[in-house]
Structure formats: structure tokens, C-alpha cells
Amino acid sequence: MSRESDIRLGTGEAPVAPPQTPKKINWAWLGVIPFFLFAIFFLFLPSATIFIRSFEAPDGSFTFENIISLFTKADIVNAYQASLSISVITALAGAIFGFLLAYAVVLGGLPAGIRTFLTTFSGVASNFAGVPLAFAFIATMGNAGLVTRWMETVLGFDIHATGFTIYNIWGLSIVYMYFQFPLMVLIMAPALDGLRREWREACENLGGSTAHYWRYVAFPILMPTLLGTMILLFGNAFGAYATAYAFAGSFINLVTILIGAQIQGDVLFNPGLGNALALGMIVIMLISMIGYAYMQRRAARWTR
Amino acid sequence: MRDRPPIAPTATVKAIVETPVKTWKRVRKFNLWSWIILGIGLIYFFLPLLATFEFSLRAIKGRYSLEAYRIAFSDPAFFRSFGLSMLWAILTIIITLLLVLPTAYWVHLRLPRLRPAVEFVTLMPFVVPAVVLVFGFIRMYGRYTFMVSIPILLIAGYIVLSLPYMFRAVDAGLRAIDVRTLTEAAQSLGASWPTIIFRVIFPNLRVAILSGVFLTFAIVMGEFTFANLLVWPAFGPYMELLGAKEAYAPQALAVVSFLLTWGSIGLLARIGRGAPGQGQIAGAR
């Protein structure tokens, strides 16, 4: 502090510099207070409320009943199963395809312009979610969608007559993939850039084949990034609400959809259970974020 | 061990002799695969967009027309919801900037010890999904009339959504310039704090701030979860409602919405070339 007041010497304010010193420290704290107040009132307290009320019986007494119901009540277990499977499916598929596309663009010998284009487009696509995305896929593969009609007219095959529907977990997965795999491309492309030419040359000088290089050098280095991004994709799909709601409405019983219904009207007929449902989501997201943070730290080792 | 030395040179010689051929082959083979994967990716990217556009032109049976757009744009509720969303987006941007800028600046300059805490807060939106946060909002503030009669909770939710983007963008911007040196240089020239902040730091952060602003704008304009569950007539819920009662107009709005997202994020990519933090973790799903 005193160093900075010394710097002020030579200005008109110099004589008052010493008494200003304590005031400046206050200033520093004041600058961050609104931020933390906001976080407390609109992030931590609402989360804490959910946590506390998860252990409340309808009459206000303490109970574990709600938490136990999460694992026993059929429609809640089903909702968690649906949410978890769609998250795992889209995380895996998004990671695999995103990686392949990133590889093709970065190392696959495609013209450099394609990479710029694809990165920009991935930035847009990874943010193109919610209601418009649902509409886009209804127009693509819904009952009157472009692909559906094309199959009817060109192939003479009415796919919906066979009982096929896109309004299930697999259909929704295809929709989610639209924002999932561009995210993978965005994160993997720089990671693939980080693979140094020297590593490959070192591997080849030691007599290693391409397979050796990937198996023993590149893949282990990329692993934390890959896993971390997969966790990110998992959480991304797990917390999604708008897309699923606009796409399939009540056809798919996801946890987020169930919580939404609980907000609009107590569909579980037990407010405490609604809280427990929300708490379950927070716990799963917390675990995945911790996993993500850990993987990021591992990945950072090689990016220096 | 005795056998090793004779083998090693052979392998090296073999590698040297074969390497150019091998590399050439590999590149060519992968080129084809790269193109195939790129093709699949592009089809998956563009088919839904094409289908949406085509669908929006089919409002009149038997021919393509802009009828769906006419229907969509002649509804006064469209302009009302669009205008409201825009207003809320601007409010969100202003408040988020007021919250994030001083915090990020002080964390860089004076309180680096607070960095983990601040980063933890900006990561919270991923731990607490939007639906869960609304649930908590309503459980906590639902009984206070002033909290539900004006869109405080809605804007608060939007701010939470945009915090990570804004913080990452500004943080990266601050990292790129040497805040301490700039601040001390300004101080030694006798600049006051407002001068330092508004005439030295801000102009250097313009690109970073703008990238955060555009992303926030795109997220808020299409946001559905908060607006729907807190019952505010924003653009997202309006689109969803229209989807329930109209056949082709919703796709017209989806096209508009996509152009909006494309516009703001494409612009971001132009101005903020390499501005980090964009699209890293997603917002309104």
C-alpha cells in the first residue's frame, strides 16, 4: 500500500496520501461485496433452502422419508433413469463424434479455412438450444418433417406407420447432440493443437508406429481433457429443460421436467419430495463438476 | 540384452527409409476419412436448419410462401414478448457488468486470494441447473409479493446464467493486459480512480466485455426455463406457446431466433477473435 502512495507523490493529491491508505483497503472489499451478496441471495440461499427442506415432512418435522423416496418411488426412479441415460448416451456419442470431427479438422489435413468456419459454427451451435432447437428437429424428423416426407416420397416408406416415434429418449438424444458435439469440437480442437510435433517425432525415432504413438503418447495426454469434457457434456444434458419440454412435452419423464411440473403445481403431492428431487440433481451435478475440475487440473499439466 | 544392439540400427534404418512413404500414405488415407466425417458433421449441422427453413415456407398448401412469417410478424404479442426480452437482456447485461467488472478487476489487482471463491461462484450455475434454481427461488422468495410482481427473480436468474460467460470473458481480458502495470502507470501520471477505470482499463477490455455482452444477449433472448416457470411473457415462452397452437409460424420464429443467435455469436467471433470463454460451458438448455 505504502509503495503505491509513494507513487502518488508529485501529484496534487500527494499530501493527503497517508490518510487515504486505510480507505483504499475498504474500497477493495467494497468492490467485491455486491458480487458476493448476489451470490448469497440468488445462488447459495436458494440451494440451501432446497437442502434443508428436503428433510422436512409435510408437517414441518425432520424426516429422511423424502430422500428414501428418491430411491423407491417408481416415477422418480424412472425419471432419474431417463435423465441419466440420455446424459450418458449424448455424452458418449457427443464425445466420440466431436473428437473425430476435431481430429479431422486439426490433424486430418483439411484446408485451414474449414477449421475457422467450423469453430465459429460450433460456437453458435453449442449455444443454439431450447425452444428453437426443438422446433428445428420437429421440422426435420417430426410427422411432417423434411426427412420423414423424403423417406415417404423417395423411398415409399412411412416410418411413423411402423410405430416409430422420435418423441422418446433416442429422439431427444439426437436433438441434444446438436449442442453436445460442437462443445466437444470447441474443447478438443485446442487440445489436439497442444500435441507437439516433437512427441510424435520422438515416438517415431524410438521405432514406434502410429498405433504406438496414439496408444502410449497422444491418448494418455488427451485423456483428462476427453474425460473432463465428457463429464461436462453429461452435466449439460442432465440439467437441460427447455429443449426437452418444447420437443416432447410430457412424453419424456425427465427429472427436470418433473421438477418443472412440481413448480407449476404440486404434482407429487408432497413439497418436501420436490425439494429432495431437486437436491438429487444438485448432488449429481456437484459430483460431476468436481470430477470435471479434477480432470482439468490433470489436463493442465501438458498444456504448459 | 545381447541381441538388442543389432536390432536397433535395423529398426532405425527401416524407419528412416520408410518414413516418407508412410507419412504420405497416412495423410492421404486420413484425408478421405476427414472429408467423410466432415460431411456427416455438416449434414447433421445443416439439415435441421434447412428443414426448419423449408417448413416455415409451407404455410400455404402446395407452394412455398412467406405466409408463416406474415402470421408470426402480425401478432402484436410477438413484438411485446420480443421487446420485453430485449429490455430484460439489456438490464441483465448492465447488472452483470456492474457485478463482474469490479470483482474481476479487484481480484486481479488487490485480492488475488479471493480468486478461488469467485471462480467457485461462477461455476455454481452448472452445479445448480436452471430448473432447480427456479425451484429454490420460488421456495424462498415466492411468498414475497414484491419479488413476484416485478421481474427481480427473472433478471437474477438471467444474471446467474450469464455470470460464467461474463466472468470468463472479462477475466481473460484482464489476464491479457497487465492490469497492475497499467494501473500503476496511470497512478504515477496522477490519474484518479475513475480515470483509471473508465479511461485506461475499460478501453483495453472492450473486446472481452463485448464478447460477454453478445453471448449474454443471445442466451437471454432465447431463454425459456426461467421465464416459463416464473410466468413472465418473454420471447422463449411465447415461441413455445405458438408452437402449441400454430403449425408453421413457430418454425418461422425458430429461423428468426437462429439468425439472432448466429448474428450475436458470429459478431462475437469477428470482434473477439480468440476471446476465450466463449461457448465453453453452455447456458440456456
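As I understand it, the dipole of chain A uses +1 on the Cβ of Lys and Arg and -1 on the Cβ of Asp and Glu, about the Cα centre. Which of A:110, A:54, A:282 lies farthest toward its positive end?
Ranked along the dipole, the leading option is A:110.
Check each of the chymotrypsin sites (Phe, Trp or Tyr not before Pro) in the stretch A:213-304 and keep only those in coil by DSSP with at most 16 other C-beta atoms within 10 angstrom; list them in order.
Numbers: sites: A:213, A:214, A:216, A:234, A:238, A:241, A:245, A:247, A:251, A:269, A:292, A:294, A:302; in loops: A:241, A:251, A:269.
Sparse-neighbourhood loop chymotrypsin sites (Phe, Trp or Tyr not before Pro): A:251, A:269.
Taking amide H positions as placed 1.01 Å from N in the peptide plane, with prolines and chain starts having none, which residues 5 or more places from residue A:56, or on another chain, fall under 5 Å of its amide H?
A:63
Please list, ordered by chain and number, the residues whose modelled amide H lies under 5 Å from the amide H of residue A:130; skip anything fewer than 5 residues away on the same chain.
The list, which skips near neighbours in sequence, is A:243.
Be a star and scan the stretch A:141-184 for residues whose amide nitrogen sits under 11 Å from the point 7 Å along the Cα-to-Cβ vector of residue B:247.
Only A:144 pass the distance filter.
With springs connecting C-alpha atoms under 10 Å apart, model chain A as a Gaussian network and identify which of A:102, A:144, A:218 has the largest mean-square fluctuation.
Comparing A:102, A:144, A:218 in the GNM, the peak value goes to A:144.
Provide the convex hull volume over Cα atoms per residue for the protein assembly as shown, in Å³. Spell out each step's value before the answer.
Numbers: hull volume 134.3 nm³, N = 589.
So the per-residue hull volume is 228 Å³.
If you average the C-alpha positions of the stretch A:211-274 and of the stretch A:38-55 separately, how far apart do those two centres end up, in angstrom?
First find each Cα centre; the distance between them is then 21 Å.
Name the residue, out of A:254, A:30, A:155, whose mean-square fluctuation peaks in a Gaussian network model built on chain A with Cα pairs under 10 Å.
Maximum fluctuation in the GNM of chain A, among the listed residues, is at A:30.
Could you work out [θ]222 nm for the protein assembly as shown from helices alone, using -39500 (n - 2.57) per DSSP H run of at least four and dividing by all its residues? Round to the nearest 500 deg cm²/dmol.
Numbers: 26 runs with 436 residues, N = 589.
Helix contribution divided over all residues of the protein assembly as shown: -25000 deg cm²/dmol.
Can you compute the equivalent ellipsoid semi-axes for the stretch B:74-141, i.e. the square root of 5 times each eigenvalue of the Cα gyration tensor, sorted largest first and rounded to whole Å?
Working: eigenvalues 200, 70, 15 Å².
Semi-axes from the Cα gyration tensor: 32, 19, 9 Å.
In square angstrom and rounded to 100, what buried accessible area do you get between chains A and B, total over both, with the probe at 1.4 Å?
Numbers: alone 18260 and 18040 Å², together 27490 Å².
Summed over both sides, the interface buries about 8800 Å².
Using all alpha carbons of the stretch A:205-280, what is the percent of pairwise distances in each 10 Å bin, ordered from the shortest bin to the longest?
16, 28, 20, 13, 13, 8, 2
May I ask you to derive the relative contact order of the stretch A:45-134, considering only C-alpha pairs under 8 Å and at least 6 residues apart, and to give it as an integer percent? Each step should come with its number before you reach the end.
Working: 24 pairs, mean separation 8.5, N = 90.
Relative contact order here is 9 percent.
So which trypsin sites (Lys or Arg not before Pro) in the stretch A:179-271 end up in coil per DSSP with only 12 or fewer other C-beta atoms within 10 Å?
Values: sites: A:196, A:197, A:200, A:215; in loops: A:196.
In loop regions of the stretch A:179-271 (DSSP not H, G, I, E or B), the sparsely surrounded trypsin sites (Lys or Arg not before Pro) are A:196.
If I stretch the segment between residue A:48 and residue A:205 completely, what's the gain in nm (0.36 nm per residue apart, minus their alpha carbon distance), one decimal? Write out the running numbers ahead of the final one.
Working: separation 157, 0.36 × 157 = 56.52 nm, distance 5.74 nm.
Answer, rounded to one decimal: 50.8 nm.
Would you mind getting the accessible area per residue of the stretch A:71-303, heavy atoms of the protein chains only, 1.4 Å probe, in Å²?
Values: 9550 Å² over 233 residues.
I get 41 Å² per residue for this part.
What's the magnitude of the charge dipole for the stretch A:71-303 around its Cα centre, counting Lys and Arg as +1 and Asp and Glu as -1 at the beta-carbon? Answer in Debye, nearest 20.
Numbers: 10 positive and 8 negative charges, 118 e Å.
The calculation lands at about 560 debye.
Tell me the label-point distance for the pair residue B:32, residue B:65, using the 7 Å Cα-to-Cβ offset, in nm and rounded to one decimal.
Roughly 5.0 nm, to one decimal.
Which trypsin sites (Lys or Arg not before Pro) in the stretch B:147-207 sit in a loop by DSSP (not H, G, I, E or B) and have at most 16 other Cβ atoms within 10 Å of their own Cβ? Walk me through the numbers on the way to the answer.
On the way: sites: B:168, B:175, B:180, B:199, B:206; in loops: none.
Here no trypsin sites (Lys or Arg not before Pro) fit, given the DSSP loop and packing criteria.
With the cut-off at 1.5 for a/c, could you classify the stretch B:40-96 from its C-alpha gyration tensor as rounded, prolate or oblate?
Oblate, since a/c reaches 1.5 and b/c is not below a/b.
Under a Cβ-Cβ cut-off of 14 Å, what is the net charge of the residues other than residue A:36 that fall near it, where Lys and Arg count +1 and Asp and Glu count -1?
On the way: positive: B:113, B:115; negative: B:119.
Computed value for this residue: +1.
Measuring from label point to label point, each 7 Å out along Cα→Cβ, what is the residue A:62 to residue A:158 span in nm?
Placing both labels 7 Å beyond Cα along the Cβ direction yields 6.3 nm.
Under DSSP H, which helices of chain A have Cα atoms covering 24 Å or more of the helix axis and a Kyte-Doolittle average no less than 1.0?
Details: long enough: A:17-39 (34 Å, 0.46); A:74-106 (46 Å, 1.61); A:169-193 (34 Å, 1.48); A:219-238 (27 Å, 1.66); A:271-303 (48 Å, 0.77).
Taking the DSSP H segments of chain A (at least 24 Å long, mean hydropathy at least 1.0), we get A:74-106, A:169-193, A:219-238.
Would you compute, for the Cα atoms of chain A, the largest minus smallest coordinate along each principal axis and list the three values in descending order, in whole Å?
89, 73, 38
Please find, in a Gaussian network model of chain A (springs between Cα atoms separated by less than 10 Å), the residue of A:60, A:94, A:163 whose mean-square fluctuation is greatest.
A:163
The values are calculated or read from the model by the stated rules, or taken from the named source; none is laboratory data. Remember, predicted model here, so these are calculated numbers, not experimental data. Every residue, glycine among them, receives a Cβ derived from its backbone with ideal geometry; neighbour counts consider all protein chains shown. Please note that ligands, DNA and RNA were not included when accessible areas were found on the heavy atoms of the full protein model with its side chains. Shrake-Rupley method; radii C 1.70, N 1.55, O 1.52, S 1.80 Å.
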